[in-house]
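Input: a single structure, listed below in structure tokens.
The values are calculated or read from the model by the stated rules, or taken from the named source; none is laboratory data. All of these numbers come straight from a predicted model, not from anything done at the bench. Cβ atoms come from the backbone with ideal geometry, glycine included; neighbour counts cover every protein chain shown. Note: accessible area is taken over every heavy atom of the protein model, side chains too, but ligands, DNA and RNA are not part of it. Shrake-Rupley method; radii C 1.70, N 1.55, O 1.52, S 1.80 Å.
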Amino acid sequence: MTDQTIVVSDLRDAPHFFDSVADRVWRAWWEPHGFPLDHITGLLRASLAEDEEQLCLVAHAGDRFVGTASVIASDLEERPDLTPWVAAVWVDPPFRRAGVGGDIVLKAAHAALDTGADTVHLCALPGKRAFYERLGWRLDESDVGEDRLDVFSMGRGSHRRASI
Ligand SMILES: CC(C)(COP(=O)(O)OP(=O)(O)OC[C@H]1O[C@@H](n2cnc3c(N)ncnc32)[C@H](O)[C@@H]1OP(=O)(O)O)[C@@H](O)C(=O)NCCC(=O)NCCS
């Protein structure tokens, strides 16, 4: 742990965290399915483009990586009509259970709604249901796809501002 304040930056403003974000997201969601690291670096590079609809947030304590969340156009092949999504939410273990995950998720949702979307979506394993519902996400569906995911949404006006 560090006593430095944790702040959340757009990866465009803190690009030196690119490799840390890619590493965590790859290890958590892509490596187990046999995808090479290059696959995720390619996807993440799109978050650095000046395209408001896709972005990556990074939580950091000074130069130490803490966590990340992204806004992407599409996250669930079973629901191709829904967009945008908050995805790839990760907090490094030493920083968990201190509110960082909740804050970065809400900041990402807020950023997505600020681009003009009426609703932002998120999918998660059922074990995370209490975490997301407590943050104000509405459970729209459960048991979706092979992984039996929950699908949540948050509408403009119903989201709370994040506090980091
Ligand atoms: C899920 C994840 C992002 C949560 O990050 P986090 O920083 O621990 O999130 P928070 O601290 O905001 O909330 C986590 C829990 O700690 C609790 N908490 C928050 N602040 C707390 C505090 N000061 N003291 C004690 N508990 C606290 C929250 O109430 C929440 O409880 P819940 O799990 O019962 O809902 C993190 O565990 C993680 O990266 N997991 C692996 C990747 C993953 O599963 N990502 C989600 C994919 S959908």
Practice task
Give me the pairs, please: first residue somewhere in segment 12-29 and open to solvent by 30 Å² or more (accessible area, probe 1.4 Å), second residue anywhere and within 13 Å of the ligand (Cβ to nearest atom) and among the charged types (D, E, K, R), beta-carbon distance under 8 Å, and either six or more positions apart or on two chains.
Solution key: Arg24/Asp92
Practice task
Determine which member of the set Ala112, Ala124 is of a type in the set (A, V, I, L, M) and within 13 Å of the ligand (Cβ to nearest atom).
Solution key: Ala124
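Test Asp3 against the stated conditions and say whether it is modelled with pLDDT under 95 and over 14 Å from the mean Cα position of the chain (by Cα).
Considered against the rule, which asks whether it is modelled with pLDDT under 95 and over 14 Å from the mean Cα position of the chain (by Cα), Asp3 comes out as yes.
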Problem - Criterion (within 15 Å of the ligand (Cβ to nearest atom) and small (Gly, Ala, Ser)) met by exactly one of Ala49, Ala87, Ala73, Ala117 - result: Ala87
Exercise for the section: May I ask you to list pairs of residues, at least six apart or on different chains, whose Cβ atoms are under 8 Å apart, with the first in segment 95-106 being at negative phi and the second being part of a helix (DSSP H, G or I) and more than 6 Å from the ligand (Cβ to nearest atom)? Expected result: Val105/Tyr132
